[in-house]
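*Asks:* Sharing a structure here in structure tokens format.
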Amino acid sequence: MALTACRAADAGDTDRAPRNRAFPSADRPVAKVVSTQWAPEEARDKQGEATSVMDEAEVASGMTVADIGAGEGYYTVRLAARVGPRGRVLAQDIDEGALGRLGARIEREQLTSVSILRGAPDDPRLPARSFDRVFMIHMYHEIAEPYPFLWRLWPSLKPGGSVVVVDADRPTDRHGTPPALLFCEFETAGFRLTAFRRKPDVSGYYAQFVPAGSGPPEPSKMQSCHAGANGSGGKVGGL
């Protein structure tokens with residue numbers, strides 16, 4: 001199902017935070033957070049999930065990367081091993097309990113290249129021009145304010161940096177994101193799709209985006225993406 005940007009920001013959205021009212025609201029359901037761990041780590045490693053994703057993203061020694069929605073740290077610890085002592089990993093989450101457990105794990109495993117940060121539901125709170133890669137793994141469907149979230153994420157990338165999304169191809173209220181909807185929301189927020197692959201080893205698909213243009217779009221000019229009955233959509237741009 002094709003998607004179009006069809007709904008501008010609504011000044012009557014009084015149930016939203018004032019700072020978000022200049023942005024369009026999400027025209028889709030939002031999944032509830034039910035767990036801070038997508039699946040058991042042993043099962044994910046058996047499929048080679050993290051290695052496959054890091055290989056696709058070309059994560060290399062010395063890079064600075066962010067793990068948004070880090071949860072219990074499955075990707076955080078494996079990213080730390082990949083970027084090595086010269087690299088840096090920022091593990092971000094909005095769940096204070098998960099960050100506490102992850103902090104204890106970081107200390108226990110002596111991951112000196114890792115730091116943690118508490119984000120906000122509408123703002124990843126990442127420092128500007130800091131990251132070679134930003135990972136959003138099986139969590140995008142839980143973002144209730146995708147347009148201000150992505151708009152505030154845009155400045156965090158270094159030149160040549162990119163955002164990696166892994167999610168399942170199913171409706172957002174079933175803990176996935178239809179690819180066409182993902183593409184549309186990122187494009188609306190000023191990103192360009194550079195890679196898309198369906199990958200059974202990550203229980204879904206892999207998508208990669210880079211900033212488009214010299215800066216994110218004006219919030220008042222953004223329009224919400226509409227997916228009809230939350231259909232799965234298809235590929236775009238020949239990818």
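*Asks:* May I ask you to give the solvent-accessible area per residue for segment 96-232, in square angstrom, as obtained with a 1.4 angstrom probe? Write out the running numbers ahead of the final one.
*Replies:* Values: 5430 Å² over 137 residues.
It amounts to 40 Å² per residue over segment 96-232.
*Asks:* Oh, and also: For a test of the definition: using alpha carbon positions, the gyration tensor, and the 1.5 limit on a/c, classify segment 37-167 as rounded, prolate or oblate. Intermediate results must be reported in sequence, preceding the final value.
*Replies:* Details: a/c = 1.29, a/b = 1.16, b/c = 1.12.
It is rounded, given that a/c, with a ≥ b ≥ c, falls under 1.5.
*Asks:* Now for a separate question. Evaluate the relative contact order of the chain (contact order divided by residue number), counting alpha-carbon pairs under 8 angstrom at least 6 apart; express in whole percent. List each step's numbers first, then the result.
*Replies:* Working: 515 pairs, mean separation 61.7, N = 239.
Across the chain, relative contact order equals 26 percent.
*Asks:* Got a number for carbon plus sulfur as a percent of the chain's accessible area, 1.4 Å probe?
*Replies:* Details: 5310 of 10520 Å².
C and S atoms contribute 50 percent here.
*Asks:* Find the relative contact order for segment 89-141 and round it to a whole percent, using C-alpha pairs within less than 8 Å whose residues are 6+ positions apart. Walk me through the numbers before you get to the answer.
*Replies:* Working: 36 pairs, mean separation 21.2, N = 53.
About 40 percent, as a whole number.
*Asks:* Then there's this: I need the Kirkwood Rh of the chain: take the reciprocal of the average 1/r across all distinct C-alpha pairs and report it in angstrom. Can you show the working numbers first?
*Replies:* Numbers: mean 1/r = 0.0557 Å⁻¹.
For the chain, the Kirkwood estimate is 18.0 Å.
*Asks:* Pull up the cross-link candidates among the aspartates and glutamates for Lys46, meaning alpha carbon to alpha carbon under 20 Å and not fewer than 8 places away within one chain.
*Replies:* Correct list for Lys46: Asp55, Glu56, Glu72, Asp167, Asp201.
*Asks:* Heavy-atom accessible area of Met222 with all protein chains present, probe 1.4 Å, nearest 10 Å²?
*Replies:* Accessible area of Met222: about 0 Å².
*Asks:* Mind pulling the per residue volume of the convex hull built on the Cα atoms of segment 103-200? Å³ is fine.
*Replies:* Hull volume over Cα atoms, normalised by residue count, gives 129 Å³.
*Asks:* Another question about this same structure. What dipole magnitude, in Debye to the nearest 20, does the chain give about its Cα centre under +1 on Lys/Arg Cβ and -1 on Asp/Glu Cβ?
*Replies:* On the way: 29 positive and 30 negative charges, 88 e Å.
The calculation lands at about 420 debye.
*Asks:* Distance between Cα centroids, segment 57-71 to segment 166-226: provide it in whole Å.
*Replies:* Rounded to whole Å, the Cα centres lie 18 Å apart.
*Asks:* Under 1.5 on a/c is rounded, so check that first for segment 39-96, then, if it is not, pick prolate when a/b is larger than b/c and oblate when it is not; a ≥ b ≥ c are the square roots of the alpha carbon gyration tensor eigenvalues. Show your work: numbers first, answer last.
*Replies:* Values: a/c = 2.05, a/b = 1.08, b/c = 1.89.
In terms of gyration-tensor shape, oblate.
*Asks:* Rounded to the nearest 500 deg cm²/dmol, what is the calculated helix-only ellipticity per residue at 222 nm for the chain, with -39500 (n - 2.57) per DSSP H run of length n ≥ 4?
*Replies:* Details: 6 runs with 55 residues, N = 239.
Computed ellipticity for the chain at 222 nm equals -6500 deg cm²/dmol.
*Asks:* If the chain between Ala43 and Thr194 were fully stretched, how many nm would it gain, using 0.36 nm times the residue separation less the Cα-Cα distance?
*Replies:* Working: separation 151, 0.36 × 151 = 54.36 nm, distance 2.88 nm.
Full-extension gain reported as 51.5 nm.
*Asks:* Given the protein chains as shown and a 1.4 Å probe, how many square angstrom of Ser203 are accessible, to the nearest 10?
*Replies:* 60
*Asks:* Multiply the residue gap between Glu218 and Gln110 by 0.36 nm, knock off their C-alpha separation, and tell me the result in nm, one decimal place. Walk me through the intermediate numbers first.
*Replies:* On the way: separation 108, 0.36 × 108 = 38.88 nm, distance 4.26 nm.
My answer for the length gained is 34.6 nm.
The values are calculated or read from the model by the stated rules, or taken from the named source; none is laboratory data. These figures come from a predicted structure and were not determined experimentally. Every residue, glycine as well, gets a Cβ built from its backbone with ideal geometry; the counts of neighbours run over all protein chains shown. Note: areas computed on protein heavy atoms with side chains; ligands, DNA, RNA excluded. Shrake-Rupley method; radii C 1.70, N 1.55, O 1.52, S 1.80 Å.
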